[in-house]
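*Asks:* The structure is given below, and queries will be raised subsequently.
The values are calculated or read from the model by the stated rules, or taken from the named source; none is laboratory data. Values in this document were obtained by computation on a predicted structure and should not be read as measured data. Counting neighbours? That spans all protein chains shown, and the Cβs are built from the backbone with ideal geometry, glycine included. The accessibility values were calculated without ligands, DNA or RNA, using every heavy atom of the protein model including side chains. Shrake-Rupley method; radii C 1.70, N 1.55, O 1.52, S 1.80 Å.
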Amino acid sequence: MRTQVAIIGAGPAGLLLSHLLHLQGIESIVLESRTRQDIESTIRAGVLEQGTMDILNDSGVGERMRAEGALHHGFDLAFDGQRHRIDLRELTGKAITVYAQHEVIKDLVKAREAAGGQLLFGVRDVALHDTATDKPWVTFTHHGEPARIDADFIAGCDGFHGVSRPAMPQDGREDYQRIYPFGWFGILVEAPPSSDELIYARHERGFALVSTRSPTVQRMYFQCDPNDSVDHWSDDRIWSELHARTEGHDGWRLTEGKIFQKNIIGMRSFVSTPMQAGRLYLAGDAAHIVPPTGAKGLNLAVSDVNLLARGIEQFYQQGTGERLERYTQDAFKRIWRAEYFSWWMTSMLHTFADASSFQREVQRAELENVVASRAMATALAENYVGAF
Ligand code: RFL
Ligand code: PHB
């Protein structure tokens, strides 16, 4: 097989890249190790920044998001028994949309299929070759048969555990990493929303987040031991923890419902540099990870591939690699802002077992500062909506 761009991974990064390239008349083939059913049902992110919505709308895949996504103009920060609203619209003129990542995936897969795009699911043994030359190629196994794609470019969109980053030359690579000493326990619940907007809560027992998926399905998280097991958490134990961490003095109560999914996720900040070598380019979680507190991961994947698509487009249409050459440099501006913001939100809202009493008081004072100072609240809001 031969194509212009071989894309490894059908997450939001790989699928959107393939879609954006197609709109410019550039061919690609997407290789995905999981099944279509699997990628269309894995529960992950939920918050889309304005810039992400704009890219999905402008590229013609935003119809269902506009109809079914929920536009949120603010969220609450809860601590010391009080809730404080961060008014995103008033502070930034922007909003966010809550629309599940797997719904974005469904919309993109449908658009690629409608356009006759090639998505190969269930591939195995993907390996990258000659990425330092202008004739890179990929080998893999599909339906038990060995296969090969020759391409002009390879886009590594295969997430944190993929094969693309390890295939980058190790000389001159630098990785930046912070692993947090806690995880998030996530649940999906059949219930009406408890709140019109998201609630980020800091409590002595640990962080909690009340989010939503639809009028009938809610998403909630609470800070936990990353090595804990969901089997240790009965529904009753989960509810008592969530009630304790989110409810305060104003009479607001969390609505319970049937818990139909439980999972624990680890938390890390990670950046691998450079994001390109020869004809291999990394995008999304393959190159960087943020803890979910700032809701930035999916949005960064989208902004990476938007840059990469424009670079590849310039290469074919104007015959210059100038944008591609500065891809890492351009992408890094947003990436490090988002890394900073996600680290900051995580540090401000979680409890750290080894924190001294001094550190705990300073952390509380920081939250008070954020809600008392319009300047601080504006900085938080600008980062949250991605106005940078
Ligand atoms: P993905 O989504 O991991 O997709 C990579 C794809 O590559 C495939 N793959 C391979 N295919 C072929 N061969 C191989 N060797 C392969 N190895 C892997 C995988 O099967 C997969 O389909 O990466 P991508 O596209 O870069 O997208 C990144 C986002 O998925 C991620 O950043 C977000 O989900 C992070 N995130 C959030 N981001 C937000 O912007 N807003 C949020 O509200 C938000 N909440 C979250 C989150 C992530 C979470 N988890 C589970 C870590 C909440 C949670 C709980
Ligand atoms: C989610 O709804 O999954 C979600 C929302 C906000 C976050 C992280 C995850 O910061």
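*Asks:* Tabulate in residue order the Karplus-calculated ³J(HN,Hα) for the stretch 235-249, using 6.51 cos²θ - 1.76 cosθ + 1.60 with θ = phi - 60°, rounded to whole Hz; enter x for Gly and Pro.
*Replies:* For the stretch 235-249, the Karplus curve yields 4, 4, 5, 4, 5, 5, 5, 5, 4, 4, 7, 9, 8, x, 9 Hz.
*Asks:* Taking a 1.4 Å probe, which of Lys94, Lys135 shows the most accessible area, and what order do the others take after it?
*Replies:* Details: Lys94 75, Lys135 140 Å².
Descending accessible area places them as Lys135, Lys94.
*Asks:* For Asp76, what residues show an amide H to amide H distance below 5 Å, using hydrogens built from the backbone and excluding near sequence neighbours?
*Replies:* Ile86, Leu198, Ile199, Tyr200
*Asks:* Compute the long axis of helix 101-114 from its Cα atoms, compare it with the longest principal axis of the Cα atoms of the chain, and write down the angle in degrees, 0 to 90, nearest 10.
*Replies:* Roughly 30 degrees between the two axes.
*Asks:* Normalising by the residue count of the chain, find the relative contact order in percent from Cα pairs under 8 Å and 6+ residues apart.
*Replies:* Values: 780 pairs, mean separation 78.2, N = 388.
Taking the mean separation of contacting Cα pairs over the length of the chain, I get 20 percent.
*Asks:* Per-residue HN-Hα couplings for the stretch 119-135, Karplus 6.51 cos²θ - 1.76 cosθ + 1.60 at θ = phi - 60°, whole Hz, x for Gly and Pro?
*Replies:* 10, 9, 9, x, 6, 10, 6, 5, 9, 9, 9, 6, 6, 7, 9, 8, 10
*Asks:* For the chain, find the longest principal axis of its Cα atoms and tell me its angle to the long axis of helix 327-349, 0 to 90°, nearest 10.
*Replies:* With rounding to tens, the tilt is 20 degrees.
*Asks:* Here is a follow-up. Averaged per residue, what accessible surface does the chain expose to a 1.4 Å probe, in Å²? Numbers along the way, then the final one.
*Replies:* Working: 16780 Å² over 388 residues.
Normalised by residue count, the accessible surface of the chain is 43 Å².
*Asks:* Which entries in Lys106/Lys333; Lys106/Lys258; Lys110/Lys258; Lys94/Lys258; Lys94/Lys296 show an alpha-carbon gap greater than 27 Å? Display every interim value, and only then the final one.
*Replies:* Working: Lys106/Lys333 29 Å; Lys106/Lys258 25 Å; Lys110/Lys258 31 Å; Lys94/Lys258 34 Å; Lys94/Lys296 16 Å.
Over 27 Å apart, Cα to Cα: Lys106/Lys333; Lys110/Lys258; Lys94/Lys258.
*Asks:* Ranked highest first by the average count of other Cβ atoms within 10 Å around their residues, in what order do 10-22, 225-237 fall?
*Replies:* On the way: 10-22: 26.8, 225-237: 11.8.
Output ranking for 10-22, 225-237: 10-22, 225-237.
*Asks:* As a test, work out the antiparallel percent of DSSP beta bridges whose residues both lie in the chain, rounded to the nearest 5. If you can, show how the numbers build up before the last one.
*Replies:* Numbers: 55 of 74 bridges.
That works out to approximately 75 percent antiparallel.
*Asks:* Can you give the accessible area of Thr42 in Å² (nearest 10), computed on protein heavy atoms with a 1.4 Å probe?
*Replies:* Counting only protein heavy atoms, the figure is 50 Å².
*Asks:* Accessible area, 1.4 Å probe, largest first: how do Arg178, Arg83 sort? Don't skip to the end; give the middle numbers.
*Replies:* On the way: Arg178 105, Arg83 80 Å².
So the residues, ranked largest to smallest area, are Arg178, Arg83.
*Asks:* Further question on the same structure: Check Ala45: other-chain or 5+ apart residues with amide H under 5 Å from its amide H, H built from backbone geometry?
*Replies:* Correct list: Gln101.
*Asks:* Answer rounded, prolate or oblate for the stretch 151-193, using the Cα gyration tensor with square roots of eigenvalues a ≥ b ≥ c: rounded when a/c is under 1.5, else prolate when a/b is larger than b/c, else oblate.
*Replies:* Numbers: a/c = 4.86, a/b = 1.82, b/c = 2.67.
Oblate is the answer for the stretch 151-193, as a/c is 1.5 or above yet b/c matches or exceeds a/b.
*Asks:* What is the distance in Å between the Cα centroid of the stretch 8-86 and that of the stretch 299-338?
*Replies:* Cα centres, the stretch 8-86 to the stretch 299-338: 18 Å.
*Asks:* Which whole-number percent is the relative contact order of the stretch 166-289 (Cα, under 8 Å, 6+ apart)?
*Replies:* Working: 220 pairs, mean separation 45.1, N = 124.
Relative contact order here is 36 percent.
*Asks:* Return the sequence-ordered ³J(HN,Hα) values of the stretch 78-87 in whole Hz as given by the Karplus equation 6.51 cos²θ - 1.76 cosθ + 1.60 applied to θ = phi - 60°, using x for Gly and Pro.
*Replies:* 10, 7, 6, x, 10, 10, 10, 8, 9, 8
*Asks:* A further question on this structure: Ignoring ligands, DNA and RNA, how do Trp137, Trp343 rank by accessible area with a 1.4 Å probe, largest first? Working shown, then result.
*Replies:* On the way: Trp137 55, Trp343 105 Å².
Greatest to least solvent exposure: Trp343, Trp137.
*Asks:* Quick one: putting +1 on the C-beta of Lys and Arg, -1 on the C-beta of Asp and Glu, what dipole do you get for the stretch 1-131 around its Cα centre, in Debye to the nearest 20? Provide the component values of the computation, followed by the final result.
*Replies:* Numbers: 14 positive and 18 negative charges, 34 e Å.
That gives the stretch 1-131 a dipole magnitude of about 160 debye.
*Asks:* Oh, and also: Please calculate the 1.4 Å probe accessible area of Arg36, with all protein chains present, and give it to the nearest 10 Å².
*Replies:* For Arg36, the solvent-accessible surface is approximately 80 Å².
*Asks:* Lys/Arg Cβ at +1, Asp/Glu Cβ at -1, dipole of the stretch 227-337 taken about the Cα centre: which of Pro274, Gln261, Thr293 is farthest positive-ward?
*Replies:* Pro274
*Asks:* Skipping prolines and chain starts, which residues have an amide H placed within reach, meaning under 5 Å, of the one on Gly183, given they are 5 or more residues away or on another chain?
*Replies:* Under 5 Å from the amide H of Gly183 lie the amide H atoms of Cys224, Asp225, each far enough along the sequence or on another chain.
*Asks:* With all protein chains present, calculate the accessible area of His249 using a 1.4 Å probe and round the result to the nearest 10 Å².
*Replies:* The value for His249 is about 140 Å².
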